[in-house]
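The values are calculated or read from the model by the stated rules, or taken from the named source; none is laboratory data. What you are looking at is a predicted structure, and each value in this text was computed from that prediction instead of being measured. Glycine gets a Cβ as well: all are built from the backbone with ideal geometry, and neighbour counts include every protein chain shown.
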Amino acid sequence: METKIGKTKLSLIQGDITLQDTEAIVNAANTSLLGGGGVDGAIHRAGGPKILEECKEIRAKQGGCPTGEAVITSGGNMATRYVIHTVGPVWSGGNRDEKQLLRNAYYNSLNLAKENGIKSISFPSISTGVYRFPIDKAARIALTTVKEFIEEYDFVEVRFALFSERDLKVYEEVLKEVT
């Protein structure tokens with residue numbers, strides 16, 4: 001599914017984030033930046049040791065990546081030129097500012113892309129795996145944040161590469177509501 005917001009193509013696909021051909025992909029990282037499970041582990045495996053080396057350099061300078069913030073590395077062995085690592089919140093029932101932290105993760109990733117002249121970017125569904133953020137709430141935050149950002153700044157494409165058909169369907173329903 002795709003739509004146009006201003007000059008930007010916003011697309012939703014079911015697919016593997018590590019195989020996207022956009023200039024940047026977003027990693028749903030953890031605060032350590034040292035790899036993990038899910039999307040984070042897949043990106044580190046596909047990108048190879050160069051990404052981990054660059055993440056270690058970032059850790060040496062700033063001590064990791066706080067929840068809601070974002071940092072950038074190369075794409076290592078992947079087709080994508082960059083990986084933007086962002087840390088989404090762990091869902092704790094919604095009373096620990098999780099919604100704002102998730103919004104910040106998307107916004108700061110887009111802003112970092114803008115600062116680096118990146119015009120095409122692919123996102124996974126941040127925080128909806130082991131961090132247990134409810135997918136319907138997460139999709140609404142993700143799509144609303146992206147829509148607001150690209151109304152102000154043009155990308156060529158913002159893509160959501162969603163792992164499962166179920167996740168894709170949730171994002172499609174939310175996209176119909178927010179556009």
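Quick notes on this structure:
- Elements of type helices (runs of 4 or more DSSP H) in the range 27-122, at least 2 residues being within 14 Å of the chain's Cα centre (by Cα): 38-47, 98-115
- Arg59 vs. criteria among the charged types (D, E, K, R), surrounded by 13 or more Cβ atoms within 10 Å (Cβ to Cβ) and in contact with a Leu (Cβ under 8 Å, 6 or more places away or on another chain): yes
- Across the range 112-130, the qualifying residues are those that are closer than 19 Å to Lys9 by Cβ and not hydroxyl-bearing (Ser, Thr, Tyr), and the one among them that is surrounded by the fewest Cβ atoms within 10 Å (Cβ to Cβ) is Gly117.
- From the options Glu148, Glu172, Glu157, Glu165, residue that is surrounded by fewer than 21 Cβ atoms within 10 Å (Cβ to Cβ), of a type in the set (Asp, Glu), modelled with pLDDT of 95 or more and closer than 19 Å to Thr22 by Cα: Glu157
- Near pairs, Cβ below 6 angstrom, 6+ apart or cross-chain, from the range 22-36 (at positive phi and of a type in the set (Gly, Ala, Ser)) to any residue that is crowded, with 21+ Cβ neighbours inside 10 Å and outside any loop (DSSP other than H, G, I, E, B): Gly35/His44
- Test result for Tyr106, within 20 Å of Leu162 (Cα to Cα), touching a residue at least 40 places away in the same chain (Cβ under 8 Å) and either surrounded by fewer than 18 Cβ atoms within 10 Å (Cβ to Cβ) or in contact with a helix residue (DSSP H, G or I) (Cβ under 6 Å, 6 or more places away or on another chain) (or both): yes
- A Cβ distance below 6 Å, combined with a sequence gap of six or more or placement on separate chains, defines the contacts here; from the range 152-179, residues that are small (Gly, Ala, Ser) reach residues that are outside any loop (DSSP other than H, G, I, E, B) in the pairs Ala161/Ile13; Ala161/Ile17; Ala161/Ser122.
- Some residue of the range 133-151 being assigned to a strand (DSSP E or B), under 20 Å from Val39 (Cα atoms), touching a Ser or Thr at 6+ places or on another chain (Cβ under 8 Å) and of a type in the set (A, V, I, L, M, F, W, C): no
- Scan the range 7-26 for residues that are under 28 Å from Ile58 (Cβ atoms), not polar (S, T, N, Q) and not in a strand (DSSP E or B) and the total you get is 6.
- Residue check, Arg132 basic (Lys, Arg), out of contact with any helix residue (DSSP H, G or I) (no Cβ under 8 Å at 6 or more places or on another chain) and under 20 Å from Val71 (Cα atoms): no
- Within the range 113-140, residues that are closer than 18 Å to Glu2 by Cβ reach partners that are at pLDDT 95 or above and exposed (fewer than 15 other Cβ atoms within 10 Å of the Cβ) with beta carbons closer than 6 Å, at six or more positions or on different chains, in the pairs Lys119/Val156; Ser120/Val156.
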